[in-house]
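Engineer: Have a look at this one.
Please treat every number below as a calculation from the coordinates, not as lab data. No experiment lies behind these values; they were computed from the predicted model shown. Cβ: placed from backbone, ideal geometry, glycine included. Neighbour counts: every protein chain shown.
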Amino acid sequence: MDNDRELRTAFRRALDDVLPPVPWLEAAVREDLHKRRTRRSVDGSSTKTRPTDTMLRHSIVQLAAGLLILVLAAAAVVTFLELRYPAPQSAPAGAPMNPPPSAPQGGPIPASLDGAWKQVADPTVVMILSGTDYSTAGPLGSGTGKVVVNGSEIDFYNGSLCGTLLPGGIGKYRWTISARLLMFSPLNSDPCPRAPYLADPKGWQRPP
């Protein structure tokens, strides 16, 4: 250590003897060193912050990508639901609504009418009443339809041999049973071919 210090001192003295005195050099060197240190510290701090900035930007990009995926997935789900379950179309404002045709008022066939009946004038014509249905068989062929009873009124409609569905094709009759004989009296103009058979003046009776 002492030898190194002696060599440095001797070297400085030799330079002082050879070089002319330059009083501004020391100040210039110090200023340059200060600038270098300041620059290094700034560069070092910026270098340290760059990875943080990069990580922050990367996180922001990942978050934006995730949000975009969620938005696209939500849009796909909404589109799927709209296609799978379309919303019912509402009628335009002011457009008239056509209610479905209603059946005649009444209930099922009572026990006194339930079962098979034969026409007295032509025993080959048979009619069966059951619940809210009726069926007929005869020279005009076999057919079925609907029937309701409201007290002494019986209404036939939607007959297959008639070919006319609600709200048309309704035949209204008043029924009575006397001495085991079933009679039908027309209450309207029945547009179906069952009218002549139902309203036959000889009536209907149970098969033996």
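Engineer: Test of understanding: what is the full-extension gain from L187 to Q62, defined as 0.36 nm times their sequence separation minus their Cα-Cα distance?
Structural biologist: In short, 36.8 nm is gained.
Engineer: Taking the mean number of other Cβ atoms within 10 Å as a proxy for protection, how do you rank 186-193, 174-181, 152-159 from highest to lowest? Intermediate values should be presented prior to the final figure.
Structural biologist: Values: 186-193: 14.9, 174-181: 11.5, 152-159: 20.2.
Going from most to least packed, we get 152-159, 186-193, 174-181.
Engineer: A follow-up question, please. Quick one: if you stick a label point 7 Å off each Cα along the C-beta vector at T132 and R206, how many nm between them?
Structural biologist: Result: 2.7 nm between the two label points.
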